[in-house]
1. Taking interchain pairs and intrachain pairs at least six residues apart, which have beta carbon atoms under 7 angstrom, with the first residue in region 129-157 and under 19 Å from Tyr119 (Cβ atoms) and part of a loop (DSSP other than H, G, I, E, B) and the second of a type outside the set (A, V, I, L, M, F, W, C) and open to solvent by less than 90 Å² (accessible area, probe 1.4 Å)?
2. If you scan region 80-93, which residues turn out to be under 8 Å from the mean Cα position of the chain (by Cα) and of a type in the set (A, V, I, L, M, F, W, C)?
3. Are there any pairs, at least 6 apart or on different chains, whose C-beta atoms fall under 8 Å, with the first in region 165-185 and more than 27 Å from Phe142 (Cβ to Cβ) and in contact (Cβ under 8 Å) with a residue 24 or more places away in the chain and the second open to solvent by less than 90 Å² (accessible area, probe 1.4 Å) and of a type in the set (Phe, Trp, Tyr), and if so, which?
4. Could you check how many residues of region 111-123 are open to solvent by 50 Å² or more (accessible area, probe 1.4 Å) and closer than 16 Å to Gly181 by Cβ?
5. Looking at Lys163, is it at pLDDT 90 or above, over 30 Å from Val192 (Cβ atoms) and either open to solvent by less than 40 Å² (accessible area, probe 1.4 Å) or out of contact with any Phe, Trp or Tyr (no Cβ under 7 Å at 6 or more places or on another chain) (or both)?
6. Which residues, taken from region 81-110, are in a loop (DSSP other than H, G, I, E, B) and surrounded by fewer than 16 Cβ atoms within 10 Å (Cβ to Cβ)?
7. Do the conditions hold for Ala184, that is, is it in a helix (DSSP H, G or I), modelled with pLDDT of 95 or more and closer than 30 Å to Trp70 by Cβ?
8. In region 131-156, how many are open to solvent by less than 90 Å² (accessible area, probe 1.4 Å) and under 30 Å from Cys108 (Cα atoms)?
Amino acid sequence: MNKRVRTFLILALSLLATTMQAQVNPDTTAVQPAIMDELGDSIFMDESLMLDTISFEKKIKKPKRDWATWRPNPKRAMWLALALPGAGQIYNRKYWKLPIIYGGFVGCAYAMRWNNQMYHDYSQAYLDLMDDDPKTESYNQFMHLGAQITPANLNRYQTLFKKRKDRFRRWRDMSFFVMVGVYALSVVDAYVDASLSEFDISDDLSLQVAPAVIDSHSQRNPLHSAGLGLQCSLTF
């Protein structure tokens, strides 16, 4: 029986007993308010205790997440990876991919910074080599020991410094695009990994090879339209 119904039945029986007792002995009517107040307080305490018990049971019976059967949401993994590189891999619980992703970012950032510095150095050396000011000789830091620039080899060094300047600029830009590629790859990996987590891979995989008759309708002669061969059947 429900606790509330039982409480109300007790209240009704108590009121009925009190009424009958008042009819038998009128002197007890003055005690009725005290009895009612005590009975109301007990009912209120029972109700509050019952509500506290129900809320406590709900807290205890809250189901825990089973990580063995949990499957990530592909769209959520993609948006997390777009917001923060590596967040999609954390959401998919593939923590071993984080060093690869952040290692790629750190390597690309270092390559971009180093190539940019070399580009500026060779650009300044090339400008110093092209002007007529003898005080600007920053190109000497790139010269080999004992090598000097003379009017006879000036054109060759100018071409050499220009090629190196352009090469380091190209490598700097390439490092930036590789960094963008690592970022895009992390997003694609998070989405594909979350999608493949729902793919059912059964242990019942079998490959059967059996002889079969292969029909060929390319020839008009019915005697030569069939041949023997092998048939492969993959069950998964």
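1. From residues that are under 19 Å from Tyr119 (Cβ atoms) and part of a loop (DSSP other than H, G, I, E, B), the pairs are Thr136/Asp128.
2. Result: Leu80, Ala81, Ala87, Ile90.
3. Close Cβ pairs (under 8 Å, with a partner that is open to solvent by less than 90 Å² (accessible area, probe 1.4 Å) and of a type in the set (Phe, Trp, Tyr)) amount to Met179/Phe105; Val182/Phe105; Tyr183/Phe105.
4. Residues in region 111-123 being open to solvent by 50 Å² or more (accessible area, probe 1.4 Å) and closer than 16 Å to Gly181 by Cβ: 1 in total.
5. yes
6. Leu84, Arg93 - these are the residues of region 81-110 that are in a loop (DSSP other than H, G, I, E, B) and surrounded by fewer than 16 Cβ atoms within 10 Å (Cβ to Cβ).
7. Values: in a helix (DSSP H, G or I): yes; modelled with pLDDT of 95 or more: yes; closer than 30 Å to Trp70 by Cβ: yes.
When the stated conditions are applied, Ala184 passes them.
8. The qualifying residues number 5.
The values are calculated or read from the model by the stated rules, or taken from the named source; none is laboratory data. None of these values were measured; they are calculated from a predicted model. Every residue, glycine among them, receives a Cβ derived from its backbone with ideal geometry; neighbour counts consider all protein chains shown. Ligands, DNA and RNA are stripped out before the accessible areas are found, and what is left, the full protein with its side chains, is counted by its heavy atoms. Shrake-Rupley method; radii C 1.70, N 1.55, O 1.52, S 1.80 Å.
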